[in-house]
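> Before anything else, here's the structure in question.
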Amino acid sequence: MGSLARSSASTEHSNSGNLSILTKVDKLRELIGTKVALPQLVVVGDQSSGKSSVLEGLTGFAFPRDAELCTRYATQITCRRENEESIDVSIIPYPDAAPIEQERVRKFHRTLKEMAPESLAQVFKEANEAMGIRTSAKSKSPELSTLPTFSEHILKIEKLGPNEQHFTVIDVPGIFRKKTEGVTTDADIELVRAMVKKYMKDTRTIILAIMPSNVDPATQEILNLAKEADASMQRTMAVLTKPDLAIERTTQQIAIDHVTGTRSDLDLGYYIVKNRGPDDGDMTLEQGKEAERRFFAQAPWSILKSTGRAGIDNLSKRVRDLLVDLIKREFPKLKAEVAKEVVWLRNRLDGMGAARNNEHTQRAYLNKISEAFQTIARDALNAYYTGNRIFDERHDLRLITRVVEANEKYSNDMFKCGHTRPFLSNLEGDTEDRDVAAEPEDLNISEFDSDNDDELEGLFDIPEITAPESRKEGIMEYIEKVYRASRGQELGTFGGALLSTMFKEQSKKWEPITLSYMKDVILAIHHFISEIVVEICPDTRVRDELWNGYLLEELQASYRKAMDHVRLLLDIEREGIPLTLNHYFSDNLQKSQSSRLVETMTKLGEERELASTDGEGNVLKQESGIFLSRAKLNNLSFNMANSDHVREYMHDVLKSYYKVSRKRFVDVVCQQAVNYFLLQGEHSPLKIFSTQMVLNLNEDQLEMIAAEDAPVKAQRERLGNDKKNFEKALKVLKGSA
């Protein structure tokens, strides 16, 4: 007696636990059912396979027999024990449907106090209309004939009552293979198949495959579809229906063999139920169960009694137990999945910042973005590439490194390619002297590859570099031509204007080289700014308004100032009067003159061995030297015509000044045009998007740039609702709600 009481108490406790866990899943389905796959039971099968009758037996829910109301969409049926009896019907919108359509179907709600088939039939018709599908296949109305036959929305039915067994099942439209003219199309066939496969594929779904008993299950397509979704067939259960139509003994035996397991290839096996027939419309569900019990008590079906797999009551108990076991097994993974989603939703909302519905929040939002930009820009200028992960992933954004590379290339191009004609070399051991005396190299101008070139169109006007004229005319021939075309009555010298003319010609490649260098630097900076703005401003609309409505114009003005300044430097250096206080000019000129004198003396003199001796005539040191007689020394200055002397002097002055000017110019361009105007200066393009800029925006500008548009507001609201629901779901899973 005590043992029986303990067993009864244990069973009651088990049922209470099962009811609790089923209730939790129902709460989860209310909160996140369309976002996360939950443990569920899905009934699938062909049209007219007996699905509706199986659902009636499982749920106690008498579906209307009207053929016009056959399943056109997935139906979620939940039975739950409550004190009052009612049926609540609503629609769960398809997530990918248009927002307007989702809002329309979400408003649909009906509550019934009785379960009369007529009342349910009316509700189903109204649900069809709410979903926008045709209510009658026979309708000749042109408007109705264009409506779809099936919908991907979900009809949700909650059946409440004091005697209800807690249970949830999903019914999907029956598979069909032939279209009906004016009713269904080939697209409908594929739509239903895709819908059925979608509901079967999740590993948290128990598949209840419904098949009539008067055909061999091995030939049923629904089992092939189930095998695609459940390769091991561990979560698929088959239910044979309409055994009264299996008249032939062979057909009956095939069905019996599957139920007893003789032919079963499913871990969950086969069950068999007896449906109410077309002539049993007035029969209640209880009367139908009684008729089913009498049917399976007769031969040959009576052999199935020992299996416990015949009859709707046995099927109901089994699927409920399976669902409870599945829920218990999946709860830990489900909890981890929901917790991960909560973190993701919180991060997404944090990334969007506070809602931007007034001037204060809009300014704060832009200010946060500008501070992020300035932080990254500061790191990029200081080569602090460990400050942000973007520098690890995008080496093209290591800005100061790109600028240093451009500086080095510019200096090298000016050094080797800047002079139009090679100077004469007369300084042994001077590397720079040898380079300016060498034939200038052909310049290979490499441009920074940027996707934003169109935004800066018209900013760069770089003249083409023609082939060096030095290949046709040497430096001395050029000086001779200039001298003869411009000489006056000067005695032993030349006019200052000649130096300006020669220097301008010798430095004419400075302009294209310098402007090309500036273009590369500006494109690198523009690329950096545009990519960083994309990185720190995920809102596309805000980014476009900020960029096109404000930043781009300011950036273009800043780049233009830098280009104007470098053109000013070119004008000052090349168009003005040659001027320098650098002693390096005099040193170079003196070295050139001395070298030329030594060369002339070497040519006039004789090479002799010279020895130094001590007082006693002993040789202390012996070396070679140049011996120049007094006569030759007196004639040294008369061996050259005055014009020749002037040309050589002009060459040496031009060469000395060119070297001083080039070094000065390269430094000034890098220091002023690039470092000040483009990188570090107060009006640098890198300092445009700053806190000060945000503070200077007026209310209209803030509204235009930072106000949230309807899609962003909708996204924020959707994320907020999802976050709230997932947090509630997590509490349910943890047992704290």
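The values are calculated or read from the model by the stated rules, or taken from the named source; none is laboratory data. What you see is a predicted model, and the numbers here were worked out from it, not measured in a lab. Cβ coordinates were reconstructed from backbone atoms using ideal geometry, including for glycine residues, and neighbour counts include every protein chain displayed.
> Within the range 286-304, which residues are surrounded by fewer than 12 Cβ atoms within 10 Å (Cβ to Cβ) and of a type in the set (S, T, N, Q)?
Within the range 286-304, Gln298 is the sole residue that qualifies.
> Inspect the range 61-74 for any residue being assigned to a strand (DSSP E or B) and either in contact with a Pro (Cβ under 8 Å, 6 or more places away or on another chain) or modelled with pLDDT under 80 (or both) and give the result as yes or no.
Checked against the condition, which is being assigned to a strand (DSSP E or B) and either in contact with a Pro (Cβ under 8 Å, 6 or more places away or on another chain) or modelled with pLDDT under 80 (or both), the range 61-74 yields at least one hit.
> Given (1) modelled with pLDDT of 90 or more; (2) within 20 Å of Ser316 (Cβ to Cβ); (3) basic (Lys, Arg), where does Arg276 come up short, assuming only one miss?
Evaluating Arg276 over (1) modelled with pLDDT of 90 or more; (2) within 20 Å of Ser316 (Cβ to Cβ); (3) basic (Lys, Arg) leaves (1) as the failure.
> Let me ask something else about it. Can you tell me which residues in the range 207-219 are part of a strand (DSSP E or B) and surrounded by fewer than 23 Cβ atoms within 10 Å (Cβ to Cβ)?
Selection gives Pro212 alone.
> Further, regarding this structure: Among (1) assigned to a loop (DSSP other than H, G, I, E, B); (2) surrounded by 19 or more Cβ atoms within 10 Å (Cβ to Cβ), there is one condition Leu315 misses while meeting the rest; what is its number?
So the condition that Leu315 fails would be (1).
> Based on what the data block shows, is Val239 crowded, with 20+ Cβ neighbours inside 10 Å and assigned to a helix (DSSP H, G or I)? Steps first, please.
Details: crowded, with 20+ Cβ neighbours inside 10 Å: yes; assigned to a helix (DSSP H, G or I): no.
Answer is no for this residue.
> Kindly establish whether Gly269 is crowded, with 16+ Cβ neighbours inside 10 Å, more than 44 Å from the chain's Cα centre (by Cα) and on the phi > 0 side of the Ramachandran plot.
The answer is yes for Gly269.
> A further question on this structure: Quick one: which of Leu326, Leu322, Leu315 is in contact with a Pro (Cβ under 6 Å, 6 or more places away or on another chain) and closer than 18 Å to Gln165 by Cβ?
Leu326
> Taking the conditions exactly as written (of a type outside the set (Gly, Ala, Ser) and touching a helix residue (DSSP H, G or I) at 6+ places or on another chain (Cβ under 6 Å)), does Lys305 satisfy them or not? Walk me through how you get there before you give the answer.
Details: of a type outside the set (Gly, Ala, Ser): yes; touching a helix residue (DSSP H, G or I) at 6+ places or on another chain (Cβ under 6 Å): no.
So Lys305 fails the test.
> Something else: Could you tell me whether the range 236-245 includes any residue that is free of Cβ contacts under 8 Å to residues at least 40 places away in the same chain, among the hydroxyl-bearing types (Ser, Thr, Tyr) and within 16 Å of Val54 (Cβ to Cβ)? Reasoning before the result, please.
First, pick out the residues of the range 236-245 that are free of Cβ contacts under 8 Å to residues at least 40 places away in the same chain: 236, 238, 240, 245.
Those left that are additionally among the hydroxyl-bearing types (Ser, Thr, Tyr): 236.
Next, only the ones that are within 16 Å of Val54 (Cβ to Cβ) stay: 236.
Yes: one or more hits.
> Can you tell me which of Leu191, Leu268 is touching a Phe, Trp or Tyr at 6+ places or on another chain (Cβ under 7 Å) and modelled with pLDDT of 85 or more?
Leu191
> Hey, among Ile536, Ile522, which residue is under 18 Å from Ala372 (Cβ atoms) and either exposed (fewer than 12 other Cβ atoms within 10 Å of the Cβ) or at pLDDT 90 or above (or both)?
Working: Ile522 fails: under 18 Å from Ala372 (Cβ atoms).
Among Ile536, Ile522, only Ile536 is under 18 Å from Ala372 (Cβ atoms) and either exposed (fewer than 12 other Cβ atoms within 10 Å of the Cβ) or at pLDDT 90 or above (or both).
> Answer with yes or no whether Arg318 is under 19 Å from Ala238 (Cα atoms), at pLDDT below 95 and not small (Gly, Ala, Ser). Show your work before the answer.
Values: under 19 Å from Ala238 (Cα atoms): yes; at pLDDT below 95: yes; not small (Gly, Ala, Ser): yes.
It is true that Arg318 is under 19 Å from Ala238 (Cα atoms), at pLDDT below 95 and not small (Gly, Ala, Ser).
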